[in-house]
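What follows is a short report on a single structure.
The values are calculated or read from the model by the stated rules, or taken from the named source; none is laboratory data. Bear in mind that the values here come from a model prediction, so they are computed numbers and not experimental data. Note that each Cβ is placed from the backbone with ideal geometry, even for glycine, and that neighbours are counted across all protein chains shown.
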Amino acid sequence: MIKYLTNYNPENKKVLLRLDLDLPGEHGHFDTTRLEDSFETLKYLWREKAKHVTVIAHRGHEPKKTKEFSLAPIADLLYDGLLTQAGFKKAKREQLEEWLDVLENLRFDPREEANDSRFAKELAENQDVFVNDAFATSHREHTSIVGLPKVLPTVFGFQFEKEMAVLKKVTETPKRPFVFVLGGAKLETKMPLIEKMSELVDVILLGGKLAVEARATNFKHRRMIVAELTEDNLDITLKAAEQFERFITDAKTIVWNGPMGKFEDPAHMEGTQYVANAIARTTAFKVLGGGDTEAAVTQLKINEGKAFNHISAGGGAMLHFLAYRKLPALDALPK
């Protein structure tokens, strides 16, 4: 059974807290959205007098053990960000650092991705409870996701709880028609997801490089519409965008993951912009997921009026749950 921090008293407890601190950015300039998502959980632990909090997280995929992938600069951002929050404003930096530790990048240790039981026990030593608030990595069978619940009592943080509430609404009681807009790349890895998603949704609108790959391999599905592409294959055509719009306009539930083309290039932004605006205009329940998708709507300034009901912190985890109705992080809980 899933237990949430909302119903847990952390007073005088030593808390091991898994966060998503893999912030996008370069040269010391970071998008701090994921970090800010953790503030509600941390404020609750502070307010409810948790004795001490040890934050664990990762940066990068298969990172080299260098300063480039260190969590030290992210820890600084976390401390600075918290000190501006209500409840922390009277705290001093030294006081916060004494209460809150941020360990180094978990993926510097190969045992993290190997789901090593000894590594789990090392992380859990002297801790009273494990709080998982890293939804974006909840589909990974790594030590900090599936190993720790085997050695520590486990509850889930506020961001995780929000994600689950939205995804359960989408999977259990969706209003129909239910339209799934899928872009991005790597068709081979997403084919099983498409098969499973077709059991949940009414239509799948396929764009981006996925559409290129689907046409090249003649991949078809009875509930899937593959976009027509521009001559250079870097965007969907206006005709395809208009076709997608007709399904989007009639939809009552929409999930969108992945841009329709190479949106970073103004010359190939039109398809993504057209589809994004079509989704934003509807009164459907709208969920967006995936870093590139979020980057696209940010660049296009589409969500400034809160056009989407929910922006998921993790595109891969969101897709995994929608397809399979489960997550390794949840499966790891004691029965």
Residue list for segment 48-71, filter: in a helix (DSSP H, G or I) and more than 22 Å from the chain's Cα centre (by Cα): Lys67, Glu68
Contacts under 8 angstrom Cβ, first residue in segment 69-89 being closer than 14 Å to His29 by Cα, partner modelled with pLDDT of 95 or more and part of a helix (DSSP H, G or I), 6 or more apart: Phe69/Arg107; Phe69/Phe108
Counted residues, segment 163-189 - those being free of Cβ contacts under 8 Å to residues at least 60 places away in the same chain and part of a helix (DSSP H, G or I): 6
Members of segment 243-281 that are touching a residue at least 60 places away in the same chain (Cβ under 8 Å) and among the aliphatic types (A, V, I, L, M): Ile248, Ala251, Ile254, Val255, Met260, Val275, Ile279
Residues being in a loop (DSSP other than H, G, I, E, B), touching a strand residue (DSSP E or B) at 6+ places or on another chain (Cβ under 9 Å) and surrounded by fewer than 24 Cβ atoms within 10 Å (Cβ to Cβ) - total across segment 237-265: 2
Any chance Arg59 is surrounded by fewer than 13 Cβ atoms within 10 Å (Cβ to Cβ) and either of a type in the set (Lys, Arg) or in contact with a Phe, Trp or Tyr (Cβ under 6 Å, 6 or more places away or on another chain) (or both): no
Residue tally, condition surrounded by fewer than 21 Cβ atoms within 10 Å (Cβ to Cβ), farther than 17 Å from Asn257 by Cβ and not aromatic (Phe, Trp, Tyr), over segment 213-231: 9
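Would you mind finding the one in Leu83, Leu35 that is within 25 Å of Asp128 (Cβ to Cβ), surrounded by 11 or more Cβ atoms within 10 Å (Cβ to Cβ), of a type outside the set (Gly, Ala, Ser) and touching a helix residue (DSSP H, G or I) at 6+ places or on another chain (Cβ under 9 Å)?
Going through Leu83, Leu35 in turn, the sole match is Leu35.
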Of residues in segment 96-115 being over 15 Å from Arg59 (Cβ atoms) and not in a loop (DSSP other than H, G, I, E, B), the one farthest from the chain's Cα centre (by Cα): Glu98
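Test of understanding: among Asn115, Asn126, Asn132, which residue is polar (S, T, N, Q), surrounded by fewer than 16 Cβ atoms within 10 Å (Cβ to Cβ) and at pLDDT 95 or above?
Asn126
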Segment 116-138, residues that are outside any helix (DSSP H, G or I), in contact (Cβ under 8 Å) with a residue 24 or more places away in the chain and either charged (D, E, K, R) or over 10 Å from Val151 (Cβ atoms) (or both): Asp116, Asn126, Asp128, Val129, Val131, Asn132, Asp133, Ala134, Ser138
Conditions (1) farther than 11 Å from Arg18 by Cβ; (2) in contact (Cβ under 8 Å) with a residue 12 or more places away in the chain; (3) of a type in the set (S, T, N, Q): number failed by Gln95: (2)
Unique match (being among the charged types (D, E, K, R) and in contact with a Gly (Cβ under 9 Å, 6 or more places away or on another chain)) among Glu68, Glu125: Glu68
Among (1) part of a helix (DSSP H, G or I); (2) at pLDDT 95 or above; (3) surrounded by fewer than 22 Cβ atoms within 10 Å (Cβ to Cβ); (4) of a type in the set (A, V, I, L, M) - the single one Leu234 does not satisfy: (1)
Total residues in segment 8-19, condition crowded, with 23+ Cβ neighbours inside 10 Å and either under 20 Å from the mean Cα position of the chain (by Cα) or on the phi > 0 side of the Ramachandran plot (or both): 3
Residue identified as of a type outside the set (Lys, Arg) and assigned to a loop (DSSP other than H, G, I, E, B) among Leu45, Leu21: Leu21
Of all residues making up segment 277-321, the number that are of a type in the set (A, V, I, L, M, F, W, C) and part of a strand (DSSP E or B): 4
